[in-house]
1. Please go through segment 206-234 and give me each residue that is closer than 28 Å to residue 263 by Cα and within 18 Å of the chain's Cα centre (by Cα), ordered by number.
2. Only one residue in 155, 171 is surrounded by 20 or more Cβ atoms within 10 Å (Cβ to Cβ), among the β-branched types (Val, Ile, Thr) and over 22 Å from residue 73 (Cβ atoms). Which one?
3. Search segment 164-175 for residues being among the charged types (D, E, K, R) and in a loop (DSSP other than H, G, I, E, B), and hand back the single one that is nearest to residue 195 (Cα to Cα).
4. Determine if segment 271-285 includes at least one residue that is modelled with pLDDT under 95, touching a strand residue (DSSP E or B) at 6+ places or on another chain (Cβ under 6 Å), small (Gly, Ala, Ser) and under 20 Å from residue 186 (Cα atoms).
5. For residue 32, are the conditions met, namely being in contact with a strand residue (DSSP E or B) (Cβ under 8 Å, 6 or more places away or on another chain) and modelled with pLDDT under 75?
6. Check 302, 265 and return the single one that is within 22 Å of residue 74 (Cα to Cα) and either in contact (Cβ under 8 Å) with a residue 12 or more places away in the chain or touching a strand residue (DSSP E or B) at 6+ places or on another chain (Cβ under 7 Å) (or both).
7. What are the residues in segment 137-152 that are surrounded by fewer than 24 Cβ atoms within 10 Å (Cβ to Cβ) and under 18 Å from the mean Cα position of the chain (by Cα), if any?
8. Taking the criterion of being part of a helix (DSSP H, G or I), surrounded by fewer than 18 Cβ atoms within 10 Å (Cβ to Cβ) and touching a residue at least 24 places away in the same chain (Cβ under 8 Å), would at least one residue in segment 90-102 satisfy it?
Amino acid sequence: MTENAPAPRLRHPEKAHKPDNPVARKPAWIRVKAPTSPVYQETRALMRGLALNTVCEEAACPNIGECWAKRHATMMILGTVCTRACTFCNVATGLPDLLDPHEPARVGEAVARLGLRHVVITSVDRDDLDDGGAGHFARVITAIRTAAPGTTIEVLTPDFLRKDGAVEVVVAARPDVYNHNLETVPRLYPEVRPGARYFHSLRLLDQVKRLDPSLFTKSGLMVGLGETRPEVLQVMDDLRSADVDFLTVGQYLQPTPKHHVIDRFWTPDEFAALKSMAQGKGFLLVSASPLTRSSYHADRDFAALREARDARIAGR
């Protein structure tokens, strides 16, 4: 390497010294078919042509074949390299990409060309930026409103830890849904989300609702990391105390042997029980299944979310 060469981008450097973890064989209820649809290929070509990144690819989502066959792509802004090192996540960790000032316009164009009724925009963590990328989120929202004014917008943001004023910037841009995932139970944060803080993330969701009560708030959990059922139920209670509207719960899938080991696979019956208990706690909407992910069926779920709120307001 020459003296002035840029530092290499590392993929999960903190895991490099760790021994490989065995990757458990998936049970029958979790296996999915490889993507082969022509529309999948068209969606992929559009993302490539506009030089856009998707969490569908970067996070190795198991639902990519089904979603892209419906032109439902979840765009990942702010680059492809994260400043955090969560042990469950397949996104690269290391030296972040330069911020692309033209990305918002390209995202807006992609949303319009895909004809999306509802779009989910997420990002890597950008602790290197003064605002954590909040201003870029706001510019993307504005660009989508311009290019596709009929499309509803859901953002899945980082925690903006130690970025004062960042949440206010995103809320002021008025997305339709503000999502921030807690991901796991507080006991597991040191090993699963070492750069994050459970109660900070919880306060962020509470802050969003206080800033704009009309916004839907949403959060997600993975199970299979070593949590207990009582711990999951406590997280549900914590989220309801923050007035979160929508909860997603899905099975953690280990991307590579370098990632956090799967403790166990929760069964479809256990997911059904979690959904029933969450509904009993007062969430407007709950999605809980082995393959549930934050943006899975997001357009359908947003319609159901609005109907549920209207019904609650009407007292039905």
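The values are calculated or read from the model by the stated rules, or taken from the named source; none is laboratory data. Please read these numbers as outputs of a predicted model, since none were measured by experiment. Cβ sites come from the backbone with ideal geometry, for glycine too, and all protein chains shown count toward neighbours.
1. 218, 219, 220, 221, 222, 223, 224, 225
2. Checking each option against the conditions leaves just 171.
3. Of everything passing the filter in segment 164-175, 164 is nearest to residue 195 (Cα to Cα).
4. Checked segment 271-285: no residue is modelled with pLDDT under 95, touching a strand residue (DSSP E or B) at 6+ places or on another chain (Cβ under 6 Å), small (Gly, Ala, Ser) and under 20 Å from residue 186 (Cα atoms).
5. Taking the combined requirement at face value, the residue does not satisfy it.
6. Within the list 302, 265, the selection yields 302.
7. 138, 141, 152
8. no
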